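The values are calculated or read from the model by the stated rules, or taken from the named source; none is laboratory data. Keep in mind it's a predicted model, so treat the numbers as computed, not measured. Glycine gets a Cβ as well: all are built from the backbone with ideal geometry, and neighbour counts include every protein chain shown. Note: accessible area is taken over every heavy atom of the protein model, side chains too, but ligands, DNA and RNA are not part of it. Shrake-Rupley method; radii C 1.70, N 1.55, O 1.52, S 1.80 Å.
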Amino acid sequence: MASNTMKSETNNAIKNAKKGLRKGDLILLAILAVIGVVIAGIYGFKMWQQNQLHTSASAYYVQVDINNRAEALLPMNVDGEFTFNNIYSKGENVLHIKDGKVSMHSANCPDQVCVYQGELKPPTIVPIVCMPNVVYVSILERSEIDWSLIREEIVPEELKDDYAAYQAGN
């Protein structure tokens with residue numbers, strides 16, 4: 001008789017498994033799915049928030065090199081038009097910084113590749129390059145500035161302490 005009871009229980013288990021998901025199982029799965037979506041949403045929002053803080057223009061600077069020499073270090077959170085002249089190539093480049101974006105507004109070079117490059121915004125590793133006028137414009141995060149290439153007279157006021165700390169360490 002024990003053998004018949006075990007056989008009967010096995011058959012019942014197989015029948016129940018074949019029935020599929022019960023109402024309680026579906027409710028549990030729905031609750032787990034909602035919890036998963038909420039956790040993913042919170043994580044995504046935190047990552048977006050962190051990215052917004054990371055990409056704010058106030059954390060970035062535009063370094064302008066002419067003939068491989070740093071000529072300007074400009075904060076990206078200050079709008080303006082800046083003209084740079086290369087006395088060797090007789091080149092003139094006009095740089096625009098507006099709304100946390102930088103662009104080469106005009107240049108007296110023949111090909112105008114630097115002008116057609118358009119606006120760049122951080123974070124980017126793509127520079128604006130004017131080969132005929134030997135101008136190289138890069139966007140740097142504060143921590144990426146190579147102080148060994150920067151002269152004191154081009155350091156923005158808000159970076160004076162960073163520059164002084166570098167000088168004290170050398």
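With a Förster radius of 35 Å applied to the C-beta separation of Glu152 and Tyr43, the computed FRET efficiency comes to 0.20. The apolar share of the surface of segment 111-170, taken as the fraction of accessible area on carbon and sulfur atoms (1.4 Å probe, ligands and nucleic acids excluded), comes to 54 percent. Of the listed residues Asp161, Asp111, Asp65, the order by accessible area with a 1.4 Å probe, largest first, is Asp161, Asp111, Asp65. Looking at this model, which pairs from Lys90/Lys121; Lys46/Lys101; Lys46/Lys121 are more than 26 angstrom apart at the alpha-carbon? Checking Cα-Cα distances, Lys90/Lys121 exceed 26 Å. If R0 is 22 Å, what FRET efficiency do you get for Gln167 and Asn77 from their C-beta distance, rounded to 0.05? Efficiency computed from Cβ-Cβ geometry: 0.35. Scaling against 2.2 N^0.38 Å puts the C-alpha radius of gyration of segment 60-108 at 1.12.
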